[in-house]
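Data block below; observations after.
The values are calculated or read from the model by the stated rules, or taken from the named source; none is laboratory data. Bear in mind that the values here come from a model prediction, so they are computed numbers and not experimental data. So basically every Cβ, Gly included, is an ideal-geometry build from the backbone, and we count neighbours across all protein chains shown.
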Amino acid sequence: MFCGGKLEDSRDSWDRSSLYNRLPKGKKVIADSAYKGIPEKATITLNKHSSATKKFINRAKARQESYHWRLKTYQVLGSRFRHGRSSEDKLKMHKMCTEAVCVIVQYDMKYHPLMQMSGKVKMD
């Protein structure tokens, strides 16, 4: 999803609207080792990183997993969506419901955080 195509495929074939292509120059995401082939856009945990850097990356990944888990508890993403009359109407309503759930989860994480991710960490 991040790249808009398979990592082993040519980057020219990736979806131009994917997050990979939308990230501003110089910005990176924190990712798992599956994205080691795109170091210009993804930071992964490396053995050479300091323990503080590794801890920061692990906390960021844990926070993202918490967000995804919270989204799944609403079941709008993992179960059959039965609202709407036509396929177009169902897609529109499903998008609206998904966006609403995302806002609810973001609000909950803002006012009931599991951990803070503030501050800057120098990546070695």
Considering region 95-124, residues that are within 15 Å of H68 (Cβ to Cβ) and not in a loop (DSSP other than H, G, I, E, B), and then whichever is modelled with the lowest pLDDT, we arrive at M109
Restricting to region 1-39, count the residues that are over 22 Å from R59 (Cβ atoms) and among the aromatic types (F, W, Y). 2
Can you list residue pairs whose Cβ atoms sit under 6 Å apart, with the first residue in region 74-96 being assigned by TED's automatic domain parsing to the domain that holds Q106 and the second being assigned to a loop (DSSP other than H, G, I, E, B) and not small (G, A, S)? Count only pairs 6 or more apart in sequence or on different chains. M93/H83; H94/F81
Within region 68-93, of all residues that are basic (K, R) and assigned to a helix (DSSP H, G or I), the one surrounded by the most Cβ atoms within 10 Å (Cβ to Cβ) is R70
Does region 23-31 include one or more residues that are of a type outside the set (A, V, I, L, M) and in contact with a helix residue (DSSP H, G or I) (Cβ under 8 Å, 6 or more places away or on another chain)? no
By residue number, the members of region 68-89 that are at pLDDT 85 or above and over 27 Å from V29 (Cα atoms) are R85, S86, S87, E88, D89
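Go through region 1-54 and give me each residue that's part of a helix (DSSP H, G or I) and surrounded by 13 or more Cβ atoms within 10 Å (Cβ to Cβ).
Initially, region 1-54 is screened for residues part of a helix (DSSP H, G or I), giving 11-13, 19-22, 33-35, 51-54.
Listed by number, the residues that qualify are L19, Y20, N21, Y35, T53, K54.
Determine if region 55-67 includes at least one residue that is farther than 26 Å from H112 by Cα, surrounded by 14 or more Cβ atoms within 10 Å (Cβ to Cβ) and either at pLDDT 85 or above or touching a helix residue (DSSP H, G or I) at 6+ places or on another chain (Cβ under 9 Å) (or both). Break it down stepwise before answering.
The first filter runs over region 55-67 and keeps only residues farther than 26 Å from H112 by Cα, leaving none.
No, every residue in region 55-67 fails to be farther than 26 Å from H112 by Cα, surrounded by 14 or more Cβ atoms within 10 Å (Cβ to Cβ) and either at pLDDT 85 or above or touching a helix residue (DSSP H, G or I) at 6+ places or on another chain (Cβ under 9 Å) (or both).
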Is it true that S33 is within 25 Å of V105 (Cβ to Cβ) and not assigned by TED's automatic domain parsing to the domain that holds V105? no
